[in-house]
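Data block below; observations after.
The values are calculated or read from the model by the stated rules, or taken from the named source; none is laboratory data. Note that the coordinates shown come from a computational prediction; the quantities given were computed from them, not determined experimentally. Because the Cβ atoms are built from the backbone with ideal geometry, glycine has one as well, and the counts that use them run over all protein chains shown.
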Amino acid sequence: MQIIIQSPHVTPTEVLTKHIHAKIGKLAHFYEQIETARVFLKIEKSDINEDKVCEISLAIPSKDLFVKRRSYTFEDALSQAIDALHREIDKLKTKIEHQLKA
């Protein structure tokens, strides 16, 4: 699986980059058909302190998945996005299983 990290106007630390690769790598173990993961990190201007945004797009042969989460830190936003992707992948796997049984 290819992991692409994009972060305009933000330079991710080496620790954050390793954290992204570790978390996305766990998704690959959970669902092997993921071809590409695009992680987009940005800081949005906001009235609230939750200005760090993590968007993740997964390229899967049957369907592409996308989540966007906002938090105080990139690490928290990444964790929330990964949790949401786990749920989406679960739904996709269930849907595929039902289609195969029909």
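Quick notes on this structure:
- Residue in the stretch 89-102 that is farthest from residue 32 (Cα to Cα), counting only those that are surrounded by fewer than 16 Cβ atoms within 10 Å (Cβ to Cβ) and touching a residue at least 12 places away in the same chain (Cβ under 8 Å): 96
- Flag for residue 50 being at pLDDT below 90, acidic (Asp, Glu) and in contact with a Phe, Trp or Tyr (Cβ under 8 Å, 6 or more places away or on another chain): yes
- Only one of the numbered conditions (1) more than 13 Å from the chain's Cα centre (by Cα); (2) under 15 Å from residue 76 (Cβ atoms); (3) not aliphatic (A, V, I, L, M) is not met by residue 23, and that is (1).
- Some residue of the stretch 35-56 being part of a loop (DSSP other than H, G, I, E, B), under 16 Å from residue 5 (Cα atoms) and of a type in the set (A, V, I, L, M): no
- In summary, residue 96 fulfils each of the numbered conditions (1) within 21 Å of residue 1 (Cβ to Cβ); (2) assigned to a helix (DSSP H, G or I); (3) modelled with pLDDT of 95 or more with the single exception of condition (3).
- Some residue of the stretch 37-45 being surrounded by 15 or more Cβ atoms within 10 Å (Cβ to Cβ), of a type in the set (Phe, Trp, Tyr) and at pLDDT 90 or above: yes
- When residues of the stretch 10-31 are limited to those that are touching a strand residue (DSSP E or B) at 6+ places or on another chain (Cβ under 7 Å) and assigned to a loop (DSSP other than H, G, I, E, B), the one surrounded by the most Cβ atoms within 10 Å (Cβ to Cβ): 12
- For the stretch 69-87, the tally of residues that are surrounded by 15 or more Cβ atoms within 10 Å (Cβ to Cβ), part of a helix (DSSP H, G or I) and charged (D, E, K, R) stands at 2.
- The stretch 47-68, residues that are free of Cβ contacts under 8 Å to residues at least 24 places away in the same chain, of a type in the set (S, T, N, Q) and surrounded by fewer than 16 Cβ atoms within 10 Å (Cβ to Cβ): 49
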